[in-house]
Amino acid sequence: MRVTVRARWLPASATSDAARLLGGRALRGFADGLVSVLLADHLTGLGFSPFEVSAVVTGTLLGSAALTLAVGLAAHRLAPRSVLLAACALMLATGLGFAWLTGFWPILLLAVVGTLNPSAGDVSLFLPVEQSLLSANVADAERTALFARFNLGAIFLGALGALATGVPALAHGGRGFLVYAGAAGAIAILYLPLRSGHQPASEAGRAVPLRRSRAIVLRLTALFSLDSFGGGFVVDSLVALWLSRRFALSLPVIGGVFFAARVLAALSQLASSRLAARIGLIRTMVYTHLPANVLLIAAALVPTAPQAVACLLGRMALSQMDVPARQSYVMAVVPLEERAAAASVTNVPRSLASALTPLLAGALLARTSFGWPLVLGGIIKIAYDLLLLAQFRSVPPMAQGSTP
């Protein structure tokens, strides 16, 4: 029975380490889904203003960017399992800190140095190591399918985490952050037996991050920065705050909205790899992301809560289909030894550039309940889609070992 279930869930070439990485990402997805919805309500309950809430969100994004970049550029010298276990320890400390601290400055400091994720996406020191290990534990032909499953489990469990915010025992007193800390311990247990992915010391010592793939990685990074800059206006914690202020929706209702949104996003992952096989990775990214951003703008313009929620759900049914295609494309255009660095450098903008806009979004929400953050974020992300298509539609993934 175990073999049958594994064959249905994982690509045939995926190893047991790949299965562990998918399980760890799914658990982290549940924890992120829970705290991303709870965060704004928890901080508001502590007396924080919308601007202070957005400052904490900014701190989480800036800290994640710095850690992700540092780990990715040093990953060729480090044992992947050790990095992942250290990340679990930091995640544990983050959850305990947010559960117990009440002052603005201590919480802001913890936001910067910790692992808290205020949105559905994942930018953390886990990410570059996990993506590099996944690529090493599956055949190239099945890489996109494995990344789709990697994201599917995380999004689906994230939906359950968002739904769990409706449980009174988790919604008050910081108990949800204790669940976040407990998830860190479970992930550490899951990652203890990891075996693969560590380069021999002599090889790691000679490796130079992005020696061969620097040009194409920097071009992608510039575009991903633009997308992330727009995405910073609409991180989950701020969208939850907007729904509360604009339509007076309660926390359980908002949690239900995010649950439904993430279920739709999870199901869309199953179609992503099939679509990429038909039309290519870049076209899959753009043709799904572009209409999603139109719906994001529409959500801000419609006058009623049901219409806004419908637009947000439609957006989420499309907006995450680009993720496995993007991850697979980045891994496909760099040599094996540079994949961790490429994953880090291209993913850091998802935190660093997006950290530039939550403060502005918070200032806008403090002045008006209209969805200006959604409008601005949607326009910027549409510009990214058009530029990505123009620059990379004729640049296919390259065979491993070729020079980008």
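Quick notes on this one:
- Residues in region 293-313 that are loosely packed, with under 15 Cβ neighbours inside 10 Å and over 14 Å from Arg245 (Cα atoms): Leu301, Val302, Pro306, Gln307.
- Condition check for Tyr329: more than 15 Å from the chain's Cα centre (by Cα), in a helix (DSSP H, G or I) and at pLDDT below 90: yes
- Positions within region 224-255 being buried (at least 19 other Cβ atoms within 10 Å of the Cβ) and not in a helix (DSSP H, G or I), in sequence order: Val235, Leu249
- No other residue among Gly158, Gly185 is surrounded by fewer than 23 Cβ atoms within 10 Å (Cβ to Cβ), in a helix (DSSP H, G or I) and either acidic (Asp, Glu) or touching a residue at least 40 places away in the same chain (Cβ under 8 Å) (or both) apart from Gly185.
- Checked against the criterion of being on the phi > 0 side of the Ramachandran plot and not in a helix (DSSP H, G or I), region 48-71 has no qualifying residue.
- For region 193-218, filtering for residues that are at pLDDT 85 or above and crowded, with 16+ Cβ neighbours inside 10 Å leaves 3.
- In the set (1) closer than 22 Å to Ser49 by Cα; (2) in contact (Cβ under 8 Å) with a residue 40 or more places away in the chain, the condition left unmet by Ala317 is number (1).
- The residues in region 334-377 that are under 30 Å from Arg211 (Cβ atoms), part of a helix (DSSP H, G or I), at pLDDT 75 or above and touching a Phe, Trp or Tyr at 6+ places or on another chain (Cβ under 9 Å) can be counted, and the count is 3.
- Residue match in region 115-130 (condition: within 21 Å of the chain's Cα centre (by Cα), part of a helix (DSSP H, G or I) and among the acidic types (Asp, Glu)): yes
- Residue within region 291-309 that is in contact with a Ser or Thr (Cβ under 7 Å, 6 or more places away or on another chain), at pLDDT 85 or above and of a type outside the set (D, E, K, R) present: yes
- Per this entry, Asp17 is counted among residues that are more than 25 Å from Leu364 (Cβ to Cβ) and of a type in the set (Asp, Glu).
- Residue within region 283-294 that is in contact with a helix residue (DSSP H, G or I) (Cβ under 7 Å, 6 or more places away or on another chain) and either farther than 30 Å from Leu218 by Cβ or of a type in the set (Asp, Glu) (or both) present: no
- Residues in region 135-150 that are among the aliphatic types (A, V, I, L, M) and either farther than 20 Å from Arg278 by Cβ or in contact with a Phe, Trp or Tyr (Cβ under 9 Å, 6 or more places away or on another chain) (or both): Ala136, Val138.
- Residue under evaluation Tyr287, criteria (1) under 23 Å from Leu389 (Cα atoms); (2) surrounded by 19 or more Cβ atoms within 10 Å (Cβ to Cβ), criterion not met: (2)
- Each residue in region 268-283 was checked for being crowded, with 16+ Cβ neighbours inside 10 Å and under 18 Å from Gly314 (Cβ atoms), and 4 of them qualify.
The values are calculated or read from the model by the stated rules, or taken from the named source; none is laboratory data. As the structure is a prediction and not an experimental result, all values here were calculated from the model. Note that we place each Cβ from the backbone using ideal geometry, even for glycine, and neighbour counts take in every protein chain shown.
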